[in-house]
Amino acid sequence: MPDKTAGQTQRLSTWTIGGMDCASCAAKITKAAERIPGISQIKVSVMAETLSAKVADDPATAEALEKQVRALGYTIERKSGDNPFAATGSHDGHACCGHDHGQSHDHAKKHDHGETQKFPAKSETASHGLPGHVHDEDEGGGSWYQSAKGRLVLASGFLLAAAWGLNWFASASVGYWAFLAACLIGVLPVAKRAISAALAGIPFTIEMLMTIAVIGALFIGAAEEAALVVFLFAVGEVLEGVAANRARASIRSLAELVPTRALVISEDGSTREAEAASLAIGQMVLVRPGDRIPADGAIVEGASSINEAPVTGESMPRTKGAGEDVFAGSINIDAALTVRVSRASADNTISRIIRLVEEAQEAKAPTERFIDRFSRIYMPAIVGIAALVAVVPPLAFGGEWSVWIYRALALLLIGCPCALVISVPASIASALSVGARHGLLMKGGVVMENAARIQWVTFDKTGTLTAGKPRVTDVVPFDVTEERLVSIAAAVETGSSHPLAEAILQFAKDKAIAALPSKDSRAVVGKGVVAEVEGISAQVISPRHAIEQQILSTAQIEVAQNLETQGKTAVVIVLGSHVIGIIAMRDEPREDAKVAVAELKALGVQSIMLTGDNQRTGAAIAGVLGMDVRAELMPDDKVREVRRLAESESVMMVGDGINDAPALAAATVGAAMGSGTQVALETADAALLRSNVRDVPRMIRLARAAMENIKANITISLGLKAVFLVTSILGYTGLWVAILADTGATVLVTLNALRLLNFKPDAKP
């Protein structure tokens, strides 16, 4: 839909951008686009490699944008049609200090969830935070040596070796000119990118520092060392790009889990092959044994074991039949299934997980934001110190100009904070990728940092610590038959999806007891359900609420209390103003809950159960699990309890993502249980896709491992900077050592972050 902005008609347009691999890419492209009249609402997603903007209908405006993006060293391809931006990754305008990873991208595979579900063939995760990361326009696909940066490494290495050969076997003067040629050929692409970044308003980049250092080295006659610096810089960038590419591999593999083709069942019963991305809601698809399910949907016909490990990480297959939901990417094992598509390709579980991980990787953690702010001050400060080192000693103390200019140039190179800036996002990206593979989704670095310092975990009971499927254990009628009591209770609960209601309805079904007709059914939050049965008001309420109404006799209260003492949940059935019976149910603790609580204790994390159930039932289940309990809580009470704990300590709330939404929001970290459900993926800060309680300590272990990795990275980067800044000023290390230390630290930090890809959440801390 067109709109009017500043008097111009604009339309939303989307482009695929090649060469982006960090936040600085988004910053530069955004700055460039903002300078072009007729463009507004610019959104750049580094992870999805897309640019979306409102663009004036004048074709010249779009052409100017594309020209500007190409000038920065990126490829740009306009998508067909003016489609809304599907995965609108955000950025905050920060950028990095300037490494060009030189990786290539396959634009035949559009990285956009609204079209296909494929990732580019090459990409990186090192999301940086300082100005200046400029990237080359590379060809798609291929190994490192097929990229522009790889070819530059090979060419500059060959020229450097040739220059050394001429220097040794010819003469020093011939060798000097050979080194000069090798240096100029190697530095020209770097200088070009530096100028492009400067024109885009980002002067403080490693490319600019490199260019200044090389020109300065040539000025003082250090051509050999300048050529070596250029070569080492190119090698460091290639190594950095190759290492960083691994971090996205797990997310790319997620996208590749969804098959590209599907067997669509036509109305006449015949099947035809179609693109999985084109499947529409309501279509029927045939899934043969051994095939991957092409879309989220529900089984219409057939029963089979389904391997959901690609989606939830759960290793054991689950047997599913008619009426049960299945997820795209899951593997059908035993028999043919007919599945009705319930979600379009762009909105299936795999796509939503990928989008969440992409958005999480672009959301900056507090530590990362601090380093961004620090680095924006640090870079100009280093340039200023280098300038002082170059001029103060010669002017004030009679030092030799060539010596101090050389030391200042070395200081410029060692001062680039690339390693420091990528130390946080590289670790977070790796941890998020690992979490996605194990069904642990954390929405960004903020959530990860908070999860690492959790001291309390508060659990909802029903559906979280218990199976959520209670069964009727006792039926106690008063002055009516058991059959009539159950038929009235089932009448009131008809249509309700509450677990207790489902237990009563299932019991009635098992006993072949038909529910009486009812109408005007409504839930009374935290108390029960009311409906009209046989023209009389009927209630299924908690004993506590019945006591408040003063309708229970002493004997009836004793019956309810005895049932609750056994850890059962009792409900009172009231017809008119008379109590006609009590039905008791029990929801057993999940097998994994007790182990999870013990693992949390081993991590130094305390657990507490928050439940609306009665104190006796809550205490019985909590006693089995070995945890504290707060019972008889209304939804508002749960929120108050979470906030009380959060006043002094970090709290994680674990619930089903629906009834517990207020408490999830009140906690430091809200984690929703649910096997890939929409609510579990979108309501809370984190999602446990396998609905396994042990995933809570697993998530905390992963978050703590990520924070330890970040601390190690910061130590590596700052430690090396401190050492070589001093040695450069004192003259103990020169240009080639400075650039080797800078790129070496960057590669070390990236490789250390990639160690997280092998982290096992089940491993002991």
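FYI, it's all coordinate maths here, none of it is from the lab. Since the model is a prediction, treat every value here as computed from it, not as a measurement. Every residue, glycine as well, gets a Cβ built from its backbone with ideal geometry; the counts of neighbours run over all protein chains shown.
Things worth noting here:
- The order of His498, His438, going from fewest to most other C-beta atoms within 10 Å of their C-beta, is His498, His438.
- Listed by Cβ neighbour count within 10 Å, with the fewest neighbours leading, Trp401, Trp164 appear as Trp401, Trp164.
- Taking a ≥ b ≥ c as the square roots of the eigenvalues of the alpha-carbon gyration tensor, the range 604-668 is classed oblate because a/c is 1.5 or more while a/b is no larger than b/c.
- GluC sites (Glu not before Pro) within the range 506-593: DSSP coil, no more than 14 neighbouring Cβ in 10 Å: Glu534
- Taking each residue as 0.36 nm, the span from Ala274 to Leu188 lengthens on full extension beyond its C-alpha to C-alpha distance by 26.0 nm.
- Computed Kirkwood radius, in angstrom, where 1/r is averaged over Cα pairs of the range 259-347: 12.6 Å
- Karplus 3J(HN,Hα) series, Hz, for the range 440-453 with 6.51 cos²θ - 1.76 cosθ + 1.60 (x for Gly, Pro): 10, 9, 10, 8, x, x, 4, 4, 5, 4, 5, 5, 5, 10
- As a rough footprinting exposure proxy, the listed residues Arg288, Arg694, Arg437 were ranked by other beta carbons within 10 Å of their own, and the order from fewest upward is Arg288, Arg437, Arg694.
- Given their separation in residues at 0.36 nm each and the Cα-Cα distance between them, Asn562 and Ile333 gain 77.7 nm when the chain is fully extended.
- Our coupling estimate for the range 194-199, obtained by passing each phi through the Karplus curve with A = 6.51, B = -1.76, C = 1.60 and θ = phi - 60°, is 4, 5, 4, 5, 5, 5 Hz, Gly and Pro reported as x.
- Applying a DSSP loop filter and a limit of 16 other Cβ atoms within 10 Å to the trypsin sites (Lys or Arg not before Pro) in the range 314-351 leaves nothing.
- Classified by the C-alpha gyration tensor, the range 560-654 has an oblate form. Its axis ratio a/c, with a ≥ b ≥ c, is 1.5 or above, and a/b does not exceed b/c.
- For the range 286-299, 3J(HN,Hα) computed residue by residue from phi via the Karplus equation (6.51, -1.76, 1.60; θ = phi - 60°) reads 9, 10, 7, x, x, 7, 7, 6, x, 7, 5, x, 10, 6 Hz, glycine and proline entered as x.
- Cross-link pairs Lys67/Lys192; Lys461/Lys527; Lys28/Lys79; Lys469/Lys509; Lys461/Lys511 - those with Cα-Cα distance over 26 Å: Lys461/Lys511
- Around the amide H of Leu633, modelled in the peptide plane, lie the amide H atoms of Thr611, Gly612, Asp613, all under 5 Å away and 5 or more residues distant in sequence or on another chain.
- Cα-based shape type of the range 471-586, given that a ≥ b ≥ c are square roots of the gyration tensor eigenvalues and the cut on a/c is 1.5: rounded
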